[in-house]
Ligand SMILES: [Zn+2]
């Protein structure tokens, strides 16, 4: 069994969960479910990033202590992940005492191995609380951070601990050239290679006057105890979650895959590998940067009134439908758009009419014509050949993390199966008494549904499990044994039963 340690970005605890968070968690969950099907020993980590000035400010605005704010937000994120069937194994919070121990141990390890990598420097510049970093002149327009035009920049002068990131540019260039899979998709890798060509600046990794953070392990020379820069606190969560520095952390580390948003590739593909290299620890195998989601063609923005409540969108048709729509509509290697019109369209045509209806029809015909027993016909039909071809395409696209294409592969098989029903017209075969042809048709359709109950699982886990059970299959539809069934389905004489529509066509407005 291969280990598959999968992580998402930890979510910043200064606001409620939104569409961007949901896209990332649903995508990572589909990957986790797919890897379990392939027999991997999956460990799926998600969590919350709870320190920093931004969190402290948000708590102050609400008039509550920061710990109370992050506790409330952790609860509300976990509630959404439960609602969306996110099958995570571990939920880390950077306020966990064990995380703090791990971060401080990692920094001490760098001090011990590469004492010159840390040095003190007096520094002044424009500081953006939104970014939690000092901004260069070319990142400031009209006196504001280009990424946070609604925030005021603060002129900040302090003496901090610095990390000699500049020394890691050659190492990072080699890493990205020798291991192209380290950062995908390709466009993101080119971005970072371009950045490295311009050279790197050292970064301030401690902050004065920040109470809401992990104390930096060493005071500055004037005796001041500073807090650890939020990214030096947040990035190690992937490592501290394995129990680092306690013995045995190597049984999980390094991660096989970090899934993150494209706006934080610099942190994950420059700062994080440099920290690990400095500490002499193995690097993660692969970083995947997904894109952004817009609403009706516009960037989500509270202030501009471009907003849609996440709960409202999920409630429209339930968790499966929402998961399917995001993963099918938004290319996992790029940007995409959410609109209710498009959501309604795909729900009706692809979920209710195509997939749901196929399942209902086939299960009903098995019952009507064969008393719910799948006929023992092993005759390979064109539908079986289409199913085999789908397995190859599905595997290739899911391995490449092109989840939208994996979903398309599975749903193309749904279309093939519906066309097969129309062509074979089982009702006509029943009428004319062609028992052998009817057996062959129904058996092929049952095999196809079994495949679909497995392949659709990463996208619509509830419907897939219901279909699996309706087909009379035993065992776990989300396991390696289910993948064996999808590869070579044998259902002869299995007892099937009818089920309510997988995707009912109620008018969502009438709810
Ligand atoms: Zn900013």
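The values are calculated or read from the model by the stated rules, or taken from the named source; none is laboratory data. Computed from a prediction, not measured in an experiment: that's the story for all the values here. Please note: Cβ atoms are built from the backbone with ideal geometry, for glycine as well, and neighbour counts cover all protein chains shown.
The set of residues in the stretch 150-172 being closer than 19 Å to residue 229 by Cα and either free of Cβ contacts under 8 Å to residues at least 12 places away in the same chain or within 13 Å of the ligand (Cβ to nearest atom) (or both) consists of 153, 154. Among the residues of the stretch 190-208, is there at least one that is away from the ligand (no atom under 16 Å from the Cβ), buried (at least 19 other Cβ atoms within 10 Å of the Cβ), part of a loop (DSSP other than H, G, I, E, B) and under 25 Å from the mean Cα position of the chain (by Cα)? Within the stretch 190-208, none of the residues are away from the ligand (no atom under 16 Å from the Cβ), buried (at least 19 other Cβ atoms within 10 Å of the Cβ), part of a loop (DSSP other than H, G, I, E, B) and under 25 Å from the mean Cα position of the chain (by Cα).
Within the stretch 15-56, the set of residues being surrounded by fewer than 20 Cβ atoms within 10 Å (Cβ to Cβ), farther than 17 Å from residue 323 by Cα and modelled with pLDDT under 95 comprises 15, 16, 56. Checking the structure you have, find out if any residue of the stretch 73-86 is in a loop (DSSP other than H, G, I, E, B) and within 23 Å of residue 230 (Cα to Cα). No: zero hits.
Of the conditions (1) assigned to a helix (DSSP H, G or I); (2) closer than 27 Å to residue 53 by Cα; (3) in contact with a helix residue (DSSP H, G or I) (Cβ under 9 Å, 6 or more places away or on another chain), residue 258 satisfies every one except a single condition; which number is it? Failing condition for residue 258: (1).
Here the stretch 101-149 is the region considered, the condition is being within 16 Å of the ligand (Cβ to nearest atom), assigned to a helix (DSSP H, G or I) and farther than 25 Å from residue 14 by Cα, and the residue that is farthest from the chain's Cα centre (by Cα) is 137. Only residues that are surrounded by fewer than 12 Cβ atoms within 10 Å (Cβ to Cβ) and touching a strand residue (DSSP E or B) at 6+ places or on another chain (Cβ under 8 Å) were counted across the stretch 57-79, and they come to 0. Out of curiosity, is residue 31 within 16 Å of the ligand (Cβ to nearest atom) and either in a loop (DSSP other than H, G, I, E, B) or more than 17 Å from residue 241 (Cβ to Cβ) (or both)? Spelling it out, it is not the case that residue 31 is within 16 Å of the ligand (Cβ to nearest atom) and either in a loop (DSSP other than H, G, I, E, B) or more than 17 Å from residue 241 (Cβ to Cβ) (or both).
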